[in-house]
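Peer 1: My questions will all concern the structure given below.
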Amino acid sequence: MPIAVLLGGPSAEHDVSIVSGRAIAAALEGRGVPVETWLITLDGAWWRLPAGALAADQPPIALDDPAALGAEGPWSAAGALEGLAARDPRPVVWIALHGPFGEDGTLQALCEAVGLLYTGSGVAASALGMDKVLFKRLARALEMPIVPFEVLARDEQQADPLGAARRLEAFASRLPDPRLIVKPARLGSSIGMTVVQRPDEPPELERALEVAFGHDDVILAEAYLAGARELEVAVVGEGAACQAFGPGEVFPGHAFYDYAAKYEAGVSRTTDAPELAEGVRFRLQELARAAFTAIGGSGFARVDFLMHGGRIYLSEINTIPGFTPISLFPILCRQGGFDFGGICQRIVELAVERAGRRPTRRLRRADLP
(Lines give C-alpha, C1' and ligand atoms only; values in the text may rest on other atoms or scores of the structure.)
Protein backbone atom coordinates (compact mmCIF):
# COMPACT_ATOMS: atom_id res chain seq x y z
CA MET A 1 0.00 0.00 0.00
CA PRO A 2 1.16 3.57 -0.63
CA ILE A 3 1.82 5.67 2.47
CA ALA A 4 0.88 9.31 3.03
CA VAL A 5 3.06 10.77 5.79
CA LEU A 6 1.50 13.80 7.48
CA LEU A 7 3.81 16.22 9.27
CA GLY A 8 3.89 19.73 10.69
CA GLY A 9 0.48 20.69 12.01
CA PRO A 10 -1.12 23.70 13.73
CA SER A 11 0.47 23.14 17.12
CA ALA A 12 3.48 24.38 19.06
CA GLU A 13 5.15 21.04 18.27
CA HIS A 14 5.10 21.83 14.53
CA ASP A 15 8.88 21.83 14.05
CA VAL A 16 9.43 18.61 15.99
CA SER A 17 6.79 16.92 13.83
CA ILE A 18 8.63 17.95 10.67
CA VAL A 19 11.82 16.30 11.94
CA SER A 20 9.93 13.12 12.89
CA GLY A 21 7.91 12.97 9.67
CA ARG A 22 10.95 13.55 7.49
CA ALA A 23 12.79 10.66 9.17
CA ILE A 24 9.77 8.34 8.89
CA ALA A 25 9.25 9.12 5.18
CA ALA A 26 12.94 8.57 4.40
CA ALA A 27 12.97 5.28 6.30
CA LEU A 28 9.92 3.93 4.49
CA GLU A 29 11.25 5.02 1.10
CA GLY A 30 14.49 3.25 1.95
CA ARG A 31 12.50 0.02 2.30
CA GLY A 32 10.94 0.45 -1.14
CA VAL A 33 7.56 1.68 0.09
CA PRO A 34 5.82 4.30 -2.10
CA VAL A 35 5.58 7.43 0.05
CA GLU A 36 4.22 10.91 -0.37
CA THR A 37 4.53 13.65 2.24
CA TRP A 38 1.91 16.16 3.24
CA LEU A 39 2.76 19.31 5.14
CA ILE A 40 0.12 20.85 7.38
CA THR A 41 1.06 24.46 8.03
CA LEU A 42 0.61 26.42 11.24
CA ASP A 43 -2.58 27.95 9.84
CA GLY A 44 -3.99 24.51 9.04
CA ALA A 45 -3.49 24.47 5.26
CA TRP A 46 -2.54 21.15 3.62
CA TRP A 47 0.20 20.95 0.97
CA ARG A 48 1.50 17.92 -0.94
CA LEU A 49 5.27 18.24 -0.97
CA PRO A 50 7.34 17.44 -4.06
CA ALA A 51 10.15 14.90 -4.02
CA GLY A 52 13.29 16.33 -2.44
CA ALA A 53 11.46 18.95 -0.38
CA LEU A 54 12.48 17.24 2.86
CA ALA A 55 16.27 17.30 2.66
CA ALA A 56 17.87 15.82 5.77
CA ASP A 57 19.81 19.00 6.59
CA GLN A 58 16.91 21.34 5.92
CA PRO A 59 15.62 23.31 8.93
CA PRO A 60 11.84 23.21 9.55
CA ILE A 61 11.60 26.94 8.82
CA ALA A 62 12.43 26.17 5.18
CA LEU A 63 8.92 24.72 4.84
CA ASP A 64 7.19 27.91 5.97
CA ASP A 65 6.57 28.79 2.29
CA PRO A 66 5.56 25.47 0.67
CA ALA A 67 4.42 27.14 -2.55
CA ALA A 68 7.98 28.34 -3.14
CA LEU A 69 9.13 24.72 -2.92
CA GLY A 70 6.71 23.64 -5.63
CA ALA A 71 4.20 22.04 -3.27
CA GLU A 72 0.65 21.40 -4.46
CA GLY A 73 -2.07 23.18 -2.53
CA PRO A 74 -3.36 24.59 -0.37
CA TRP A 75 -6.24 22.31 0.54
CA SER A 76 -8.47 22.22 3.56
CA ALA A 77 -8.22 19.16 5.81
CA ALA A 78 -11.50 17.84 4.39
CA GLY A 79 -10.44 18.42 0.79
CA ALA A 80 -7.05 16.76 1.22
CA LEU A 81 -8.41 13.72 3.07
CA GLU A 82 -11.31 13.25 0.68
CA GLY A 83 -8.83 13.34 -2.19
CA LEU A 84 -6.69 10.67 -0.55
CA ALA A 85 -9.78 8.55 0.17
CA ALA A 86 -10.87 8.75 -3.47
CA ARG A 87 -7.71 7.04 -4.70
CA ASP A 88 -7.41 3.41 -5.69
CA PRO A 89 -5.63 2.00 -3.84
CA ARG A 90 -6.20 4.20 -0.84
CA PRO A 91 -3.00 5.11 0.99
CA VAL A 92 -2.41 4.40 4.65
CA VAL A 93 -2.04 7.68 6.52
CA TRP A 94 1.08 7.77 8.71
CA ILE A 95 0.26 10.43 11.30
CA ALA A 96 3.55 11.99 12.36
CA LEU A 97 2.00 15.05 13.99
CA HIS A 98 2.70 15.80 17.64
CA GLY A 99 0.42 17.77 19.93
CA PRO A 100 -3.12 19.10 19.44
CA PHE A 101 -4.94 18.30 16.18
CA GLY A 102 -2.59 15.47 15.20
CA GLU A 103 -2.22 13.56 18.46
CA ASP A 104 -5.42 14.34 20.35
CA GLY A 105 -7.98 12.41 18.29
CA THR A 106 -9.01 15.25 15.97
CA LEU A 107 -7.13 14.06 12.89
CA GLN A 108 -7.93 10.45 13.74
CA ALA A 109 -11.65 11.32 13.69
CA LEU A 110 -11.27 13.03 10.31
CA CYS A 111 -9.61 9.91 8.88
CA GLU A 112 -12.40 7.77 10.30
CA ALA A 113 -14.98 10.03 8.68
CA VAL A 114 -13.59 9.49 5.16
CA GLY A 115 -12.64 5.83 5.63
CA LEU A 116 -8.85 6.14 5.60
CA LEU A 117 -6.59 3.75 7.50
CA TYR A 118 -4.18 5.56 9.81
CA THR A 119 -1.35 4.64 12.12
CA GLY A 120 -1.47 4.61 15.89
CA SER A 121 -4.28 4.88 18.38
CA GLY A 122 -7.90 5.66 17.66
CA VAL A 123 -9.95 8.69 18.59
CA ALA A 124 -10.67 7.96 22.26
CA ALA A 125 -7.21 6.62 23.13
CA SER A 126 -5.54 9.56 21.40
CA ALA A 127 -7.68 12.04 23.34
CA LEU A 128 -6.96 10.32 26.66
CA GLY A 129 -3.25 10.14 25.96
CA MET A 130 -3.02 13.80 25.00
CA ASP A 131 -5.02 15.12 27.95
CA LYS A 132 -2.73 14.82 30.97
CA VAL A 133 -5.54 15.55 33.43
CA LEU A 134 -7.81 12.80 32.09
CA PHE A 135 -4.91 10.38 31.85
CA LYS A 136 -3.79 11.01 35.43
CA ARG A 137 -7.33 10.70 36.74
CA LEU A 138 -7.64 7.37 34.94
CA ALA A 139 -4.27 6.19 36.27
CA ARG A 140 -5.21 7.24 39.80
CA ALA A 141 -8.53 5.39 39.58
CA LEU A 142 -6.64 2.26 38.51
CA GLU A 143 -4.24 2.74 41.45
CA MET A 144 -1.21 3.33 39.25
CA PRO A 145 1.57 5.31 40.98
CA ILE A 146 1.47 9.00 40.02
CA VAL A 147 2.81 12.17 41.63
CA PRO A 148 0.33 14.45 43.44
CA PHE A 149 -1.29 17.03 41.16
CA GLU A 150 -3.79 19.87 41.06
CA VAL A 151 -5.86 21.10 38.12
CA LEU A 152 -6.73 24.71 37.38
CA ALA A 153 -9.03 25.95 34.61
CA ARG A 154 -8.67 29.39 33.05
CA ASP A 155 -12.22 30.48 33.91
CA GLU A 156 -11.62 29.52 37.56
CA GLN A 157 -8.39 31.51 37.63
CA GLN A 158 -9.96 34.52 35.96
CA ALA A 159 -12.98 34.50 38.29
CA ASP A 160 -10.86 34.40 41.44
CA PRO A 161 -7.11 34.87 40.78
CA LEU A 162 -6.25 35.19 44.45
CA GLY A 163 -8.26 32.13 45.43
CA ALA A 164 -6.70 30.06 42.61
CA ALA A 165 -3.19 31.08 43.67
CA ARG A 166 -3.92 30.27 47.30
CA ARG A 167 -5.20 26.82 46.35
CA LEU A 168 -1.97 26.04 44.50
CA GLU A 169 0.10 27.48 47.37
CA ALA A 170 -1.79 25.29 49.86
CA PHE A 171 -1.22 22.26 47.63
CA ALA A 172 2.52 23.00 47.44
CA SER A 173 2.76 23.49 51.21
CA ARG A 174 1.51 19.94 51.79
CA LEU A 175 4.30 18.43 49.70
CA PRO A 176 7.69 17.30 51.07
CA ASP A 177 9.27 19.62 48.50
CA PRO A 178 7.09 22.71 47.90
CA ARG A 179 8.35 23.26 44.35
CA LEU A 180 5.84 22.72 41.54
CA ILE A 181 5.92 21.97 37.82
CA VAL A 182 3.19 23.94 36.06
CA LYS A 183 2.27 22.96 32.49
CA PRO A 184 -0.55 22.94 29.92
CA ALA A 185 -2.85 19.94 30.20
CA ARG A 186 -2.84 19.13 26.46
CA LEU A 187 0.55 19.73 24.93
CA GLY A 188 3.88 17.92 24.72
CA SER A 189 7.61 18.48 24.26
CA SER A 190 7.66 20.33 27.62
CA ILE A 191 6.28 23.43 25.88
CA GLY A 192 4.70 25.90 28.29
CA MET A 193 6.23 24.14 31.31
CA THR A 194 7.79 25.99 34.26
CA VAL A 195 9.41 24.89 37.51
CA VAL A 196 8.06 27.16 40.25
CA GLN A 197 10.70 27.37 42.93
CA ARG A 198 8.58 29.46 45.34
CA PRO A 199 4.82 28.89 44.88
CA ASP A 200 4.27 31.27 47.79
CA GLU A 201 5.81 34.12 45.78
CA PRO A 202 2.90 35.55 43.71
CA PRO A 203 4.96 36.95 40.79
CA GLU A 204 6.70 33.64 40.13
CA LEU A 205 3.50 31.60 40.28
CA GLU A 206 1.58 34.15 38.21
CA ARG A 207 4.24 34.03 35.51
CA ALA A 208 4.13 30.23 35.37
CA LEU A 209 0.34 30.29 35.04
CA GLU A 210 0.54 32.92 32.31
CA VAL A 211 2.97 30.78 30.31
CA ALA A 212 0.89 27.61 30.67
CA PHE A 213 -2.41 29.34 29.95
CA GLY A 214 -0.83 30.72 26.80
CA HIS A 215 -1.13 27.19 25.37
CA ASP A 216 -4.26 25.74 26.97
CA ASP A 217 -7.30 26.69 29.04
CA VAL A 218 -6.58 23.94 31.58
CA ILE A 219 -3.26 23.62 33.40
CA LEU A 220 -1.70 21.01 35.63
CA ALA A 221 0.43 21.68 38.71
CA GLU A 222 2.47 18.67 39.82
CA ALA A 223 4.86 17.94 42.65
CA TYR A 224 8.44 18.55 41.51
CA LEU A 225 10.71 15.59 42.21
CA ALA A 226 14.23 17.00 42.40
CA GLY A 227 16.84 14.73 40.84
CA ALA A 228 14.30 12.17 39.66
CA ARG A 229 15.46 9.70 37.01
CA GLU A 230 13.67 10.09 33.66
CA LEU A 231 12.81 6.66 32.22
CA GLU A 232 10.96 5.77 29.03
CA VAL A 233 9.42 2.54 27.75
CA ALA A 234 8.37 1.81 24.15
CA VAL A 235 5.14 -0.12 23.58
CA VAL A 236 4.30 -1.77 20.26
CA GLY A 237 1.28 -3.87 19.33
CA GLU A 238 -2.37 -4.26 20.19
CA GLY A 239 -4.24 -4.88 23.43
CA ALA A 240 -3.03 -7.63 25.70
CA ALA A 241 -0.60 -8.79 23.02
CA CYS A 242 1.42 -5.55 23.07
CA GLN A 243 5.14 -5.70 23.73
CA ALA A 244 7.20 -3.35 25.88
CA PHE A 245 10.85 -2.50 25.14
CA GLY A 246 13.21 -0.70 27.45
CA PRO A 247 13.41 1.21 29.60
CA GLY A 248 15.75 3.85 28.34
CA GLU A 249 16.95 6.74 30.44
CA VAL A 250 17.27 10.44 29.76
CA PHE A 251 19.92 12.59 31.43
CA PRO A 252 18.61 16.15 30.99
CA GLY A 253 21.12 18.92 30.52
CA HIS A 254 18.83 21.37 32.30
CA ALA A 255 16.99 21.46 35.63
CA PHE A 256 14.23 19.46 33.95
CA TYR A 257 13.70 17.91 30.52
CA ASP A 258 12.53 21.09 28.79
CA TYR A 259 12.19 21.78 25.05
CA ALA A 260 15.81 22.84 24.58
CA ALA A 261 17.07 19.87 26.59
CA LYS A 262 15.03 17.55 24.38
CA TYR A 263 15.92 18.88 20.95
CA GLU A 264 19.11 20.96 20.99
CA ALA A 265 22.11 18.86 20.07
CA GLY A 266 24.51 18.10 22.91
CA VAL A 267 22.33 19.43 25.75
CA SER A 268 21.13 16.05 27.05
CA ARG A 269 22.13 12.45 26.63
CA THR A 270 20.23 9.17 26.65
CA THR A 271 20.93 5.49 27.07
CA ASP A 272 18.94 2.39 26.14
CA ALA A 273 20.75 0.38 28.85
CA PRO A 274 20.24 2.16 32.19
CA GLU A 275 21.51 0.64 35.40
CA LEU A 276 18.40 -0.85 36.97
CA ALA A 277 17.55 -3.96 38.92
CA GLU A 278 15.77 -6.58 36.83
CA GLY A 279 12.70 -6.30 39.04
CA VAL A 280 12.49 -2.56 38.37
CA ARG A 281 12.88 -3.10 34.64
CA PHE A 282 10.06 -5.65 34.67
CA ARG A 283 7.83 -3.35 36.73
CA LEU A 284 8.33 -0.46 34.30
CA GLN A 285 7.41 -2.63 31.33
CA GLU A 286 4.40 -3.99 33.19
CA LEU A 287 3.15 -0.50 34.03
CA ALA A 288 3.76 0.71 30.47
CA ARG A 289 1.63 -2.09 29.02
CA ALA A 290 -1.05 -1.45 31.66
CA ALA A 291 -1.20 2.27 30.82
CA PHE A 292 -1.33 1.53 27.09
CA THR A 293 -4.19 -0.94 27.43
CA ALA A 294 -6.02 1.28 29.95
CA ILE A 295 -6.50 4.04 27.38
CA GLY A 296 -7.26 1.52 24.62
CA GLY A 297 -3.98 2.26 22.85
CA SER A 298 -3.21 0.84 19.43
CA GLY A 299 -0.08 0.41 17.35
CA PHE A 300 2.58 2.15 19.38
CA ALA A 301 3.29 4.58 22.20
CA ARG A 302 5.98 5.75 24.57
CA VAL A 303 5.29 5.71 28.29
CA ASP A 304 7.31 8.02 30.54
CA PHE A 305 8.21 7.45 34.18
CA LEU A 306 9.97 9.21 37.02
CA MET A 307 11.99 7.33 39.62
CA HIS A 308 12.62 9.13 42.89
CA GLY A 309 13.65 7.86 46.28
CA GLY A 310 13.39 4.29 45.05
CA ARG A 311 9.78 4.77 43.95
CA ILE A 312 8.39 4.61 40.40
CA TYR A 313 5.85 7.18 39.20
CA LEU A 314 3.90 6.99 35.95
CA SER A 315 4.30 10.38 34.28
CA GLU A 316 2.49 10.33 30.93
CA ILE A 317 1.84 8.41 27.73
CA ASN A 318 2.67 9.66 24.24
CA THR A 319 0.59 8.02 21.53
CA ILE A 320 2.75 9.57 18.78
CA PRO A 321 6.27 9.64 20.23
CA GLY A 322 9.12 11.43 18.53
CA PHE A 323 11.15 9.92 15.68
CA THR A 324 13.92 12.50 15.82
CA PRO A 325 17.64 11.56 15.82
CA ILE A 326 17.70 11.65 19.65
CA SER A 327 14.28 10.09 20.31
CA LEU A 328 14.41 6.97 22.47
CA PHE A 329 11.31 5.24 21.07
CA PRO A 330 12.86 3.92 17.83
CA ILE A 331 16.11 3.11 19.64
CA LEU A 332 14.32 1.02 22.25
CA CYS A 333 12.47 -0.89 19.53
CA ARG A 334 15.79 -2.40 18.47
CA GLN A 335 15.35 -4.68 21.48
CA GLY A 336 12.45 -6.21 19.58
CA GLY A 337 14.51 -6.68 16.42
CA PHE A 338 13.27 -3.53 14.65
CA ASP A 339 15.64 -1.09 13.02
CA PHE A 340 14.35 2.44 12.34
CA GLY A 341 12.76 1.56 9.02
CA GLY A 342 11.48 -1.72 10.42
CA ILE A 343 9.51 -0.13 13.24
CA CYS A 344 8.07 2.49 10.86
CA GLN A 345 6.83 -0.30 8.58
CA ARG A 346 5.58 -2.43 11.50
CA ILE A 347 3.44 0.49 12.64
CA VAL A 348 1.84 0.56 9.17
CA GLU A 349 1.21 -3.20 9.34
CA LEU A 350 -0.45 -2.82 12.74
CA ALA A 351 -2.76 -0.16 11.32
CA VAL A 352 -3.80 -2.52 8.51
CA GLU A 353 -4.25 -5.41 10.94
CA ARG A 354 -6.44 -3.28 13.21
CA ALA A 355 -8.62 -2.27 10.27
CA GLY A 356 -8.98 -5.92 9.28
CA ARG A 357 -10.49 -6.75 12.66
CA ARG A 358 -13.12 -4.05 12.56
CA PRO A 359 -16.63 -4.77 11.29
CA THR A 360 -17.16 -3.49 7.76
CA ARG A 361 -20.84 -4.22 7.45
CA ARG A 362 -22.91 -1.26 6.32
CA LEU A 363 -26.30 -0.92 7.94
CA ARG A 364 -29.51 -0.94 5.95
CA ARG A 365 -32.94 0.29 6.98
CA ALA A 366 -33.93 -3.30 7.74
CA ASP A 367 -31.04 -3.59 10.23
CA LEU A 368 -32.36 -0.84 12.47
CA PRO A 369 -34.28 -1.75 15.66
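Peer 1: Helix-only mean residue ellipticity at 222 nm, the chain, DSSP H runs n ≥ 4 weighted -39,500 (n - 2.57), per residue, nearest 500. What is it?
Peer 2: Calculated from helices alone, the mean residue ellipticity at 222 nm is -10500 deg cm²/dmol.
Peer 1: OK, next. If you add up the charges near LEU332, with Lys and Arg at +1 and Asp and Glu at -1, over every other residue whose beta carbon is less than 13 angstrom from its beta carbon, what do you get?
Peer 2: -2
Peer 1: Rg(Cα) of region 118-177 divided by 2.2 N^0.38 Å?
Peer 2: 1.46
Peer 1: What ³J(HN,Hα) values, in whole Hz, does the Karplus curve 6.51 cos²θ - 1.76 cosθ + 1.60 give for region 353-369 when θ = phi - 60°, with x put for Gly and Pro?
Peer 2: 4, 4, 5, x, 8, 7, x, 10, 5, 9, 6, 10, 4, 5, 7, 6, x
Peer 1: Roughly how far apart, in whole Å, are the Cα centres of region 178-212 and region 53-114?
Peer 2: 32
Peer 1: Next question, about the same structure. If you take the beta carbon distance between ASP64 and ASP217 as r and set R0 to 35 Å, what does 1/(1 + (r/R0)^6) give as a FRET efficiency, to the nearest 0.05?
Peer 2: Taking R0 as 35 Å, the efficiency between ASP64 and ASP217 is 0.80.
Peer 1: State the percentage of accessible surface on the chain attributable to carbon and sulfur atoms; use a 1.4 Å probe and exclude ligands, DNA and RNA.
Peer 2: Taking all protein chains in place, the chain shows 53 percent carbon and sulfur surface.
Peer 1: Let me check I've understood the local charge: for LEU97, count other residues with C-beta under 9 angstrom from its C-beta, Lys and Arg +1, Asp and Glu -1. What total comes out?
Peer 2: Its environment carries a net charge of -2.
Peer 1: Compute the acute angle (0 to 90°) between the alpha-carbon long axis of helix 132-141 and the principal axis of greatest extent of the alpha-carbon atoms of the chain; round to the nearest 10°.
Peer 2: 70
Peer 1: Something else now. Taking θ as phi - 60°, what are the ³J(HN,Hα) couplings along region 97-107 by the Karplus curve (6.51, -1.76, 1.60), each to the nearest whole Hz, with x for Gly and Pro?
Peer 2: Karplus-based 3J(HN,Hα) across region 97-107 equals 8, 9, x, x, 6, x, 10, 9, x, 5, 5 Hz.
Peer 1: Could you check the simple spin-label distance between GLN335 and ARG283, using points 7 Å along Cα→Cβ, in nm with one decimal?
Peer 2: Simple spin-label model gives 1.6 nm for this pair.
Peer 1: Can you tell me which of 161-170, 286-295, 16-25 comes out highest on packing, and rank the rest after it, using the mean Cβ neighbours within 10 Å?
Peer 2: Order by mean packing, descending: 16-25, 286-295, 161-170.
Peer 1: For ALA273 and ALA85 in the same chain, what is the full-extension length gain: residue separation times 0.36 nm, less their Cα-Cα distance, in nm?
Peer 2: Full extension of this stretch gives 63.4 nm more.
Peer 1: Leaving out ligands and nucleic acids, note down the accessible area per residue over the chain with a 1.4 angstrom probe, in whole Å².
Peer 2: Ligands and nucleic acids excluded, the result is 44 Å² per residue.
Peer 1: R0 = 56 Å: FRET efficiency of ALA241 with ASP155, Cβ-based, nearest 0.05?
Peer 2: That pair, ALA241 with ASP155, gives E of 0.85.
Peer 1: Also, quick follow-up: What is the set of long-range amide H partners of PHE323 at a cut-off below 5 Å, with H atoms built 1.01 Å from backbone N?
Peer 2: SER20
Peer 1: Once the convex hull of the C-alpha atoms of the chain is built, how many Å³ does it hold per residue, rounded to a whole number?
Peer 2: 164
Peer 1: Still on this structure, please answer the following. Using θ = phi - 60° and the Karplus curve 6.51 cos²θ - 1.76 cosθ + 1.60, what whole-Hz ³J(HN,Hα) does each residue of region 299-306 get, with Gly and Pro shown as x?
Peer 2: x, 6, 5, 10, 10, 9, 10, 10
Peer 1: Which part of region 30-58 falls in the paramagnetic zone of MET1, meaning amide N under 15 Å from the point 7 Å along Cα-to-beta-carbon?
Peer 2: Under 15 Å, as judged by backbone N against the label point of MET1, lie 33-36 of region 30-58.
Peer 1: In the calculated pair distance distribution of region 1-143, what percentage of Cα-Cα distances lie above 21 Å?
Peer 2: Within region 1-143, distances greater than 21 Å cover 42 percent of Cα pairs.
Peer 1: Report, in whole Å, the centroid distance computed from the Cα atoms of region 1-41 and region 215-235.
Peer 2: 27
Peer 1: Same structure, new question: Along the Cα-to-Cβ line of ALA56, 7 Å from the Cα, sits a label point; which residues in region 24-39 have backbone N less than 18 Å from it?
Peer 2: Of the residues in region 24-39, 24-33 have backbone N under 18 Å from the label point off ALA56.
The values are calculated or read from the model by the stated rules, or taken from the named source; none is laboratory data. What you are looking at is a predicted structure, and each value in this text was computed from that prediction instead of being measured. Positions of Cβ are generated from backbone atoms using ideal geometry, with glycine treated the same way; all protein chains shown enter the neighbour counts. The accessibility values were calculated without ligands, DNA or RNA, using every heavy atom of the protein model including side chains. Shrake-Rupley method; radii C 1.70, N 1.55, O 1.52, S 1.80 Å.
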